[in-house]
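Worksheet for the structure shown next.
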Amino acid sequence: MALTQVSSSKCCGGFQKVFEHDSTELKCRMKFAVYLPPKAESAKCPVLYWLSGLTCTEQNFITKAGSQQAAAEHGLIIVAPDTSPRGCNIEGEDESWDFGTGAGFYVNAMEEPWKTNYRMYSYITEELPRLINAHFPADPDKMSIFGHSMGGHGALICALKNPGKYKAGAVSAFAPICNPMQCAWGQKAFGGYLGSDKSTWEAYDATVLVGSYSGPQLDILIDQGRDDQFLSAGQLLPDNLIAACTEKKIPVVFRLQPGYDHSYFFVFSFISDHIKHHAKYLNA
């Protein structure tokens, strides 16, 4: 479980760092970013995991979202992993932007040739938290999760599939892919990684998982840009998730933000609200 520090920059009184390690789940070298707030120098801190969207690496969030100020204020460590295994030399892994490299979809693949390396679900929920708890001043009992687009999908399914794992059920997302079984991105990814039996897809679809959720109360916050091209293209389908939550009486605050698109300009605009949402529970 050796870590190699790739970079370290002082930011908002703390440090924005990037590390590299050999992943046992993904069978490759992986990078992740970690922001250590000033508080981490003297005390254990809660950890907030950020999952990025299609084509991203660990860099997009730490350079574009502006999360460090709010993380410093609330005393939260923020961990931002990559979005897929890298350099596995799988035929076809670099052929398209929405499948393979940069598009792990936070599932454990079941199909050849993906199933050996493409195990992002286990990496995010098991290996990475073990690594963070072992090497950083993290409070292992206080973790939470959020994300954007494909990463919003990832955050939602991680919370729904692991009742009680994330503090007080706090989960949030920016423009998440809410019902991947019903959209082109999800169908391509799930078909490729999970195979043609659609019953296996249900285990990774937030809208389906809401229907069978039984666990501690959740508190879901979702921001969605109204001028998001992927909303109008039918890739995100938030209405399906909201309907499922309403039926199950799961509280969800859904904010449709006029004029905003799918970009990190949108994420930057509301990131402080999301960090505050998680801090309310993580610092309780």
(request) Give the residues of the stretch 81-100 that are under 25 Å from Y35 (Cβ atoms) and either surrounded by fewer than 21 Cβ atoms within 10 Å (Cβ to Cβ) or touching a Leu at 6+ places or on another chain (Cβ under 8 Å) (or both), sorted by residue number. (result) P81, T83, P85, R86
(request) Would you check if there is a residue in the stretch 225-245 being surrounded by 20 or more Cβ atoms within 10 Å (Cβ to Cβ), at pLDDT below 95, within 27 Å of A109 (Cα to Cα) and not acidic (D, E)? (result) no
(message) Within the stretch 116-130, does at least one residue satisfy the condition of being assigned to a loop (DSSP other than H, G, I, E, B), under 30 Å from Y281 (Cα atoms) and touching a residue at least 12 places away in the same chain (Cβ under 8 Å)?
(response) no
(request) Find all pairs meeting these conditions: Cβ atoms under 6 angstrom apart; at least six residues apart or on different chains; first residue within the stretch 93-105 and at pLDDT 95 or above and of a type in the set (D, E); second residue crowded, with 22+ Cβ neighbours inside 10 Å and part of a strand (DSSP E or B). (result) E93/G100
(message) If A168 meets every condition in (1) free of Cβ contacts under 8 Å to residues at least 24 places away in the same chain; (2) outside any loop (DSSP other than H, G, I, E, B) apart from one, which number is that one?
(response) (1)
(message) Just to verify a result, which residue in the stretch 213-232, among those that are free of Cβ contacts under 8 Å to residues at least 40 places away in the same chain and in a loop (DSSP other than H, G, I, E, B), is nearest to K280 (Cα to Cα)?
(response) R226
(message) From the list F254, F270, F265, exactly one residue is in contact with a Pro (Cβ under 9 Å, 6 or more places away or on another chain) and surrounded by fewer than 20 Cβ atoms within 10 Å (Cβ to Cβ). Which is it?
(response) F254
(request) With respect to Y121, determine if the residue is touching a helix residue (DSSP H, G or I) at 6+ places or on another chain (Cβ under 8 Å), of a type in the set (F, W, Y) and either surrounded by fewer than 22 Cβ atoms within 10 Å (Cβ to Cβ) or within 15 Å of E58 (Cβ to Cβ) (or both). (result) yes
(message) Let me spell it out: the conditions are (1) modelled with pLDDT of 95 or more; (2) among the hydrophobic types (A, V, I, L, M, F, W, C); (3) more than 20 Å from E111 (Cα to Cα), and A170 meets all of them except one. Which number is the exception?
(response) (1)
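Results for (1) modelled with pLDDT under 95; (2) open to solvent by 30 Å² or more (accessible area, probe 1.4 Å); (3) under 18 Å from L3 (Cβ atoms), shown as yes or no for each residue.
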position: A40; (1), (2), (3): no, no, yes
position: A43; (1), (2), (3): no, yes, no
position: L48; (1), (2), (3): no, no, no
position: S67; (1), (2), (3): no, no, no
position: E73; (1), (2), (3): no, yes, no
(request) Go through the stretch 50-65 and count every residue that is open to solvent by 10 Å² or more (accessible area, probe 1.4 Å), among the polar types (S, T, N, Q) and assigned to a loop (DSSP other than H, G, I, E, B). (result) 2
(message) If the requirement is being farther than 27 Å from G164 by Cα and not hydrophobic (A, V, I, L, M, F, W, C), which of these qualifies: Q187, Q224, Q217?
(response) Q187
(message) Just the residues that are in contact with a strand residue (DSSP E or B) (Cβ under 7 Å, 6 or more places away or on another chain) and surrounded by fewer than 21 Cβ atoms within 10 Å (Cβ to Cβ), please, taken from the stretch 166-209.
(response) A168, K188, G192
(request) May I ask you to list the residues in the stretch 142-165 that are part of a loop (DSSP other than H, G, I, E, B) and open to solvent by 10 Å² or more (accessible area, probe 1.4 Å)? (result) N162, P163, G164, K165
(request) Select from the stretch 156-181 the residues that are in contact with a Leu (Cβ under 9 Å, 6 or more places away or on another chain) and among the charged types (D, E, K, R) and write down the one among them that is farthest from Y49 (Cα to Cα). (result) K161
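The values are calculated or read from the model by the stated rules, or taken from the named source; none is laboratory data. Here the structure is a predicted model, which means the values were calculated and not measured. Ideal geometry is used to build each Cβ from the backbone, glycine not excepted, and the neighbour counts take in all protein chains shown. Quick note on the areas: whole protein, heavy atoms, side chains included, nothing else; ligands and nucleic acids left out. Shrake-Rupley method; radii C 1.70, N 1.55, O 1.52, S 1.80 Å.
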